[in-house]
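The values are calculated or read from the model by the stated rules, or taken from the named source; none is laboratory data. Since we're looking at a predicted model, the values are computed, not measured. Here the Cβ positions follow ideal geometry from the backbone for every residue, glycine too, while neighbour counts run over all protein chains shown. Just so you know, the surface numbers come from the protein's heavy atoms only, side chains and all, with ligands and any DNA or RNA stripped out. Shrake-Rupley method; radii C 1.70, N 1.55, O 1.52, S 1.80 Å.
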Amino acid sequence: MPVFPRIKSTFRLLFRKRELEQDLDEELNSYLELLIEEKIRSGMGAEQARGAAEVELGKIGRVKESVRERRVGIMIETFLYDVRYAVRSMRKNLGFSAVAILILAIGIGASTALFTTIHTVLLSAIPFDEPESLVVGRKTMQGNVAGPVSRPDYLDYRDLNQSFEDFAALGWFTQDRTMTGGDEPRLLQATYVTWNLFRTLRVDPIVGRSFLPEEESQGVGNVVVIDYGLWQSRFGGERDAVGRTIHLDGSAYVVVGVMPRRFRFLFDVDVWHLMDRDVEIDRRRDSHSLLAVGRMRPGVGIQQAMADGNAIAAGLAQQYPETNQGKGLALTDLHEFMVQGVRLNLQLLMATTVLVLLIACANVAGLLLARGERRLPEVAMRAALGASRSRLVRQLLTESVVLTVTAGLLGIGVASLLQSGLLHLLPIGGLGMDRPAVNTAALIFTLLVSMASGLIVGVVPALRGTASNPGRQLGSARLVSHGARSRRLQSTYVVVQVAISIALLVGSGLLIRSLAQLSSVDLGFSPPGLLTGQISIQGDAYPTAAERSQFFASLLEQVEAQPGVSSAALISKLPLRDLWTDWPVWPAEQPAPTNQASFMAMARWVSPGYFETIGIQFLRGRDIAASDDANSSPVIVLSERAAQSLFAESDPVGREVRIGFGPIDEPFRVVGVVRDARINGLRRTPDAAMYMSASQFAATSLGMVVRTSGDPNQLIAPVTNLVQQKSANVLFAEPVIMASIVDQWQAGFRVVVVALSLFSGLALALTVVGLYGVLAYHVSQRTNEIGIRLAIGASSRDLVNMVLRQGWMMVGPGLLLGLVGAYLVTLLIRPLLVIIQPLDTRSYLGAVVLIAMVTTLAAFVPARKATRVNVVDVLGKQ
């Protein structure tokens with residue numbers, strides 16, 4: 001009888017048992033009615049008759065309950081006996097049990113580790129009141145999400161919408177602020193927020209208050225809310241911190257509130273500035289740098305709120321066609337927005353661990369089938385002594401469940417180790433959620449997975465092992481036919497394992513090749529030997545542009561005089577660390593373009609020698625010079641892409657351009673063209689950029705790049721000491737070598753690649769073990785046949801080829817199924833691929849060759865064993 005009908009009939013019996021108990025209850029109720037009628041006919045009143053009938057029926061009910069209790073007791077005793085027997089069996093077959101437990105523990109542990117991470121990141125609610133009503137708003141251009149909104153647009157959305165209880169905004173990114181006034185300057189992360197952000201999130205300061213609407217409307221921009229960590233470190237946790245003043249970049253700010261200890265929203269922030277009416281941020285509708293955050297009214301869905309926002313956007317497009325034509329408002333669930341950067345990675349890793357667990361289950365099921373062959377006489381003897389088939393199946397299933405639950409307990413330790421690695425490797429801490437841990441939910445998950453695995457690996461061997469009556473089962477013919485079917489099942493398990501392994505190998509191969517491409521991508525500059533950091537001065541200490549330029553110029557001279565320093569330069573935003581700031585730029589002889597037609601380039605301010613220091617190649621023209629200061633005409637250096645976009649094939653040197661949003665309204669004269677560089681990310685194409693003179697911008701905070709002839713880390717302490725000696729209120733903040741910044745861009749992707757590769761290797765190893773076990777078992781079962789073949793003249797090569805063919809007969813179908821599955825895997829990982837195409841021939845061919853090699857190795861040992869059969873011993877037993 002096939003396996004699945006047997007399983008179906010088993011469940012049908014269970015449900016039938018429940019139906020019989022229900023029928024018994026119905027019969028007892030009918031009997032009660034008959035007793036009442038009989039008592040009434042004997043002359044009793046209705047109430048008296050019911051009471052007497054219930055007394056008699058109660059005696060029957062107590063008998064019934066006693067039988068039920070006895071049945072439950074017998075079931076518990078039987079179960080405990082089965083568990084004890086399973087434990088004894090495991091101890092008796094310690095080698096088999098250890099292998100099976102280890103295989104399953106790895107699969108269960110990996111699944112548990114990924115479950116805890118996914119449960120925390122993707123399934124748990126974010127730590128805000130009624131989080132389902134919170135959304136993030138971004139602008140759309142021609143229907144496509146295009147980043148932050150502008151401040152004037154935000155204010156219109158806030159004032160005109162009908163869908164939100166509150167509609168707030170905060171800066172798209174954080175900004176460096178140098179806090180002075182303590183023992184030493186300290187770099188803080190700050191962002192601008194509207195007065196109602198904390199009210200929208202329904203999070204109140206634990207000390208003091210939040211911002212007030214009148215502070216925003218009246219231009220009272222010198223108030224800040226600080227985070228718990230800054231409150232503790234700067235003010236010692238004293239409540240009188242509220243009302244005190246801190247100095248940021250030379251300006252005084254009054255602390256009005258302190259946020260709770262674990263509060264975090266989107267970014268790591270030390271200080272929240274109030275975005276008042278006078279703050280210099282996003283004053284134009286075509287300048288976009290704010291994230292909107294809204295809390296929808298009760299009963300309002302996200303689609304309704306988005307329709308409301310787009311209706312407002314349509315009105316703004318009519319009112320301001322030059323800046324708002326084609327704009328809209330996209331709303332995203334806050335939780336979805338927070339996890340979108342890690343969702344795909346976690347889903348991919350979870351799918352991989354599930355596949356590895358399936359391979360482990362198939363492997364152990366194959367081992368149980370092989371073990372079941374040796375236990376056939378035992379099962380047949382127990383059946384002959386009166387044990388029912390259901391009793392035997394229950395015993396065998398109990399053994400497999402005890403095995404897998406033991407593996408689950410060990411898997412918890414494996415999960416803890418893997419969890420520690422995940423916490424260090426995946427960017428989960430940046431989500432502002434609780435750190436994943438092996439908690440109660442994880443333990444329940446592990447228990448359920450362990451029990452389910454026990455049923456999966458045990459049900460087929462149990463049904464196979466109890467397939468017929470004892471007499472036939474003890475017969476040799478029955479053993480042969482039973483063994484043949486078991487071998488077919490074992491072969492099926494190997495096919496499944498090979499198919500999953502080839503799919504995982506192809507996927508990991510594609511990602512490995514993508515990582516190699518990402519590691520060797522041309523950045524447009526040279527990271528080796530570069531030290532970077534941030535230099536921030538106080539505006540009130542250096543009030544004029546000339547004083548600031550003089551400070552930075554003298555600092556560069558002193559840094560370049562340090563041993564091992566080849567050159568040093570400054571830039572407003574360090575590549576790959578400080579991103580964006582894209583401004584419109586157009587040829588000066590042309591009118592300013594509309595919002596739709598404007599060409600955007602990354603705006604950067606640099607000191608003389610920056611391109612040589614960072615390693616960006618000059619194509620034509622000259623560098624920014626020391627003479628390009630605040631008293632000279634504005635100059636600009638364009639990247640190759642910007643030059644081609646603005647001036648096509650003509651020489652841009654000597655031409656003039658105008659820049660939107662900049663502090664200088666005059667046209668800039670193009671003095672040079674440099675190669676494009678990847679300054680906003682490794683996976684992006686090189687960005688169009690424009691470089692202007694830092695001396696003409698009068699910045700108070702600039703990034704420093706130092707080219708060294710040795711180890712850049714050795715210069716951190718000397719440069720830090722030099723800066724502190726130059727001014728006590730100047731900070732050389734966040735010193736890091738450029739190679740580390742590049743490495744951080746690869747880190748998240750590398751985690752996925754390494755994890756998938758490890759799991760793929762584990763899957764391959766389990767597959768090899770399974771294939772070896774099946775082939776070794778087949779050889780042991782065919783010892784007589786092999787002896788006869790040797791006796792009639794078969795060579796060792798013939799026997800080796802026979803075993804290899806047997807192995808390839810199992811692997812071949814698995815390869816075909818795996819290649820089909822591999823294509824489906826590429827649909828999942830396509831967004832992660834860099835340059836490499838999903839149908840990359842090398843990845844597919846490499847996986848097939850690897851499977852072929854390990855198949856040959858797995859089959860070789862059993863094949864060699866077959867050639868060492870003693871013909872005399874075999875024929876003597878015939």
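Laid out as a table, the results:
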item: Where N is the number of residues in the range 264-322, Cα Rg divided by 2.2 N^0.38 Å; result: 1.47
item: In Å², nearest 10: area of SER701 left accessible to a 1.4 Å probe; result: 40
item: Gain on full stretching of the segment that runs from ALA648 to GLN189 - 0.36 nm per residue minus C-alpha separation; result: 161.2 nm
item: Label-to-label distance, nm, for residues given as ARG297 and LEU160 (7 Å Cα→Cβ offset); result: 1.7
item: The range 219-324 - Rg over Rh from alpha carbon coordinates, Kirkwood radius; result: 1.09
item: With 5 Å bins from 0: P(r) over the range 570-655, alpha-carbon pairs, percent; result: 3, 11, 21, 24, 22, 14, 5, 0
item: Computed Rg/Rh of the range 529-681, alpha carbon atoms with Kirkwood Rh; result: 0.96
item: Mean projected area in nm² (Cα convex hull; one quarter of hull surface) for the range 144-262; result: 8.7
item: Extended-chain gain in nm, criterion 0.36 nm per residue less alpha-carbon gap, SER740 and THR685; result: 17.7 nm
item: Estimated vicinal HN-Hα couplings, Hz - the range 544-551 in sequence order (Karplus 6.51, -1.76, 1.60; Gly, Pro = x); result: 9, 4, 5, 5, 5, 4, 5, 4
item: Taking all pairs of distinct alpha-carbon atoms in the range 166-231, Kirkwood radius in angstrom; result: 13.4
item: Estimated vicinal HN-Hα couplings, Hz - the range 293-301 in sequence order (Karplus 6.51, -1.76, 1.60; Gly, Pro = x); result: 10, x, 10, 6, 5, x, x, 9, x
item: Antiparallel DSSP beta bridges within the range 590-706, as percent of all bridges there, nearest 5; result: 45
item: Considering only the range 174-262, percent of DSSP beta bridges that pair antiparallel, nearest 5; result: 75
item: About the Cα centre, charge dipole magnitude for the range 166-286 (Lys/Arg +1, Asp/Glu -1 at Cβ), debye; result: 340
item: Computed FRET value (nearest 0.05) for THR841 with ASP240, which takes r as the C-beta separation and R₀ as 56 Å; result: 0.20
item: Karplus-derived HN-Hα couplings along the range 284-291 (A = 6.51, B = -1.76, C = 1.60, θ = phi - 60°), whole Hz, x at Gly and Pro; result: 10, 6, 9, 10, 10, 8, 10, 9
item: Ordering of 560-566, 642-648, 798-804 by burial proxy (mean other Cβ atoms within 10 Å per residue, highest first); result: 642-648, 798-804, 560-566
item: Förster radius 45 Å - calculated FRET efficiency between LEU816 and GLU666, Cβ distance, rounded to 0.05; result: 0.05
item: Pairwise FRET efficiency - VAL754 versus LEU80, Cβ, R0 = 60 Å, nearest 0.05; result: 0.85
item: ASP333, ASP240, ranked by accessible area, largest first (probe 1.4 Å); result: ASP240, ASP333
item: Projected label distance in nm at ALA146 and ARG622, using a 7 Å step from Cα toward the beta-carbon; result: 3.9
item: Length released on extending from ALA98 to TRP580, taking residue separation times 0.36 nm less the Cα-Cα span; result: 168.0 nm
item: Accessible area per residue in Å² at 1.4 Å probe, computed on the range 502-660; result: 40
item: Normalised contact order of the range 555-614, rounded percent, pairs of Cα under 8 Å and 6 or more residues apart; result: 41
